[in-house]
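Reading through the C-alpha cells given below for one structure.
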Amino acid sequence: MNKINLSEREISDYLRIVSNWRACHAYPINTFQSTLRQKVKVIDSNALVAQRLKRFISIIKKLGRSKGMQLSRMQDIGGLRAVLSNITKVRKLENVYKKVSVNFAPSFN
C-alpha cells in the first residue's frame, strides 16, 4: 500500500470537506424520510421506515480503498428503507410514487 504524505493542514482540509459533503446529504435524506413516513402510514400502520447516512469513517475508508473514487461519484452516501407488511402494500406505495413522478414530468410546450 502506498503511503501519501500530507501536511496536517491538508489532512484537516480533507476531513472538513468530507464532513461537509456528508452533512449536505443529511437534510435531503431527512426530508424524503419524513415524506415517506407520511405516505407509508396511510397504506400500512405497521410499516417500518429507516434511514442511514454513511458514517464518516466509512467514507474515508472507501475513498482510500477504491482507486479513482471521488466524493462526487460516491452513490451510497445515504439511503432509506420502507418495510411494509405485504407485497400488495408495497405495490400501493410504488404507485403513489409513480403518480407523483408523472406530475413532475417536464413539459416543453
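Among S72, S34, the order by Cβ neighbours within 10 angstrom, fewest to most, reads S72, S34.
Seen against the Cα atoms of the chain and their longest principal axis, helix 56-65 is set at about 60 degrees.
Computed over the range 8-103, the Cα gyration tensor eigenvalues convert (square root of 5λ each) into semi-axes of 34, 13, 12 Å, ordered from largest to smallest. Altogether, the Stokes-Einstein calculation at 10 °C and 1.306 mPa s, with the Kirkwood radius of the range 1-55 over Cα pairs as Rh, returns a diffusion coefficient of 112 µm²/s. Only lysine pairs 8 or more places apart, or on different chains, with alpha-carbon atoms under 16 angstrom apart are counted in the range 8-103, and they number 9. Residues considered: K39, K67, K92. Largest GNM mean-square fluctuation over the chain, using C-alpha springs under 10 Å, is found at K67.
Say a paramagnetic label sat at a point 7 Å from the Cα of K89, along Cα to Cβ; which residues of the range 26-43 have their backbone N under 17 Å from it? Under cut-off, by backbone N: 36-43.
Bear in mind these aren't lab numbers, they're just calculated from the coordinates by the rules spelled out. This structure is a prediction, so every number in the text was calculated from the model and none was measured. Every residue, glycine among them, receives a Cβ derived from its backbone with ideal geometry; neighbour counts consider all protein chains shown.
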